[in-house]
Amino acid sequence: MANFTLLFSILCLSYIKLICLQANAHPTGGFTAVSLSQSNFELQKPYDLSPSDRYSFNNGVHRFWVYSTDKPHTSSSDTRPRSEIRIRGYDYSSGVWQFEGEAYIPSGTTAASIMQVFGGSSRTTTVMLRVYGGSITVYRSPVVFSNAYNSWFKVNVIHDVGASSVKVYIDGALRYEGSGAGGSNHYMKFGVYAEEGASNYMECQWRRIRLLRRN
């Protein structure tokens, strides 16, 4: 009986360790990064301004800023102001894809999207990460990260098209898992895009951007 109890305890501990290892597994495990260059980064900014008026790239850091009074990205658009990059060359309709990068948001920026997986049938996007009062949210809620202002944090977003699922990791920890939104064409975007109630000035910085797909 004692041996059985010992064996059962060992098995339980092994199972718990396995679960913990899986929970803490790096989100990029089993993925391969695709090749990215500046040619894959299409800047979308107020149509009446030069790129340098709302974007800079120095020492590996993409800096985006926009004002709530700015024009949309095209003269025919009725969307809100933005300064963001649309990743070109890797639109997809199947498979498992992942965005990775490190973000920095100065205090004061609020009600702005900082990253999105574009494309869906029930809505125009599969997922959006936004900032509200220093908290990072999936759309308006739930909160996936608090106290985000004035410090770098790592973001990993995984989109499984076949399973219609989305996972969001912050600093390596799984913070959100939800369903996709359908759709037949998807791509990734990052930067800053005003939402309803946005602050007058919005800024977000990104670095170490990678796009990966599952092997």
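The values are calculated or read from the model by the stated rules, or taken from the named source; none is laboratory data. Every value quoted in this text rests on a predicted model; they were computed, and no experiment measured them. FYI the Cβ positions are ideal-geometry reconstructions off the backbone, even for glycines, and counts take in every protein chain you see. Keep in mind that these areas ignore ligands, DNA and RNA; they rest on the heavy atoms of the full protein, side chains included. Shrake-Rupley method; radii C 1.70, N 1.55, O 1.52, S 1.80 Å.
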Along the chain, longest interval not containing exposed trypsin sites (Lys or Arg not before Pro), exposed being DSSP loop plus at most 16 other Cβ atoms within 10 Å = 1-87
What number comes out for the charge environment of residue 27, summing +1 per Lys or Arg and -1 per Asp or Glu over other residues with Cβ under 15 Å away?
-> +2
Determine the distance separating the Cα centre of the stretch 61-127 from the Cα centre of the stretch 135-192; give it in Å without decimals.
-> 12 Å
Inter-probe distance in nm under a simple model that places probes 7 Å from Cα toward Cβ, at residue 213 and residue 141 | 3.7 nm
So the angle from the long Cα axis of helix 2-23 to the longest Cα principal axis of the chain, reported in degrees to the nearest 10, equals 10 degrees
With R₀ set to 35 angstrom, the calculated FRET efficiency between the beta-carbons of residue 123 and residue 151, to the nearest 0.05, is 0.70
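Counting only protein heavy atoms and using a 1.4 Å probe, what share of the accessible area of the stretch 46-146 belongs to carbon plus sulfur, as a whole percent?
The nonpolar share, carbon plus sulfur, comes to 46 percent.
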Among 78, 48, 171, residue whose mean-square fluctuation peaks in a GNM of the chain (springs only between Cα atoms under 10 Å) | 78
For the pair residue 40 and residue 179, the simple spin-label estimate (label points 7 Å beyond Cα toward Cβ) gives in nm 3.1 nm
Excluding ligands, DNA and RNA, what is the solvent-accessible area per residue of the stretch 135-186 at a probe of 1.4 Å, expressed in Å²?
-> 44 Å²
Place +1 on the Cβ of every Lys and Arg and -1 on the Cβ of every Asp and Glu in the stretch 158-205, take the dipole about the Cα centre, and give the residue among 202, 164, 192 whose Cα lies farthest towards its positive end.
-> 164
